[in-house]
Amino acid sequence: MNNPEFNRHCVALCQLRSEPQEDFSVNTELLVLESGEVHVSTWDAEPRDGGFDAHVLNDRVDALGFMVVTDWEFFDGKAYAVVERRPGT
């Protein structure tokens, strides 16, 4: 399955951080798990009430070089989606 035309599906998980990183006041992190690699995006999201905006999540996934292939699902304070790498990235 090393065909470059074949897109592997990956898991994207977004969650609120309980503590900000040292140098940043971020409260949200997005993780994409791809073939043993973890791609991370962090940002300060408003409101800080645990809600997620699907448009923002899609933009963050896109910035990491992926595209969302399922709707976001929300469970236990986290957001989940299936993503795949954008062609050519």
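The values are calculated or read from the model by the stated rules, or taken from the named source; none is laboratory data. Keep in mind it's a predicted model, so treat the numbers as computed, not measured. Here the Cβ is made from the backbone with ideal geometry for all residues, glycine too, and neighbour counts use every protein chain on show. Accessible surface areas use protein heavy atoms only, side chains included; no ligands, DNA or RNA. Shrake-Rupley method; radii C 1.70, N 1.55, O 1.52, S 1.80 Å.
Below, the figures for the structure above:
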| quantity | calculated |
| --- | --- |
| Residue under evaluation Val61, criteria (1) part of a helix (DSSP H, G or I); (2) closer than 21 Å to Arg8 by Cβ; (3) open to solvent by 40 Å² or more (accessible area, probe 1.4 Å), criterion not met | (3) |
| Close pairs (7 angstrom Cβ cut-off, 6 or more residues apart or separate chains): free of Cβ contacts under 8 Å to residues at least 12 places away in the same chain in segment 26-40, of a type in the set (D, E, K, R) anywhere | Val40/Glu29 |
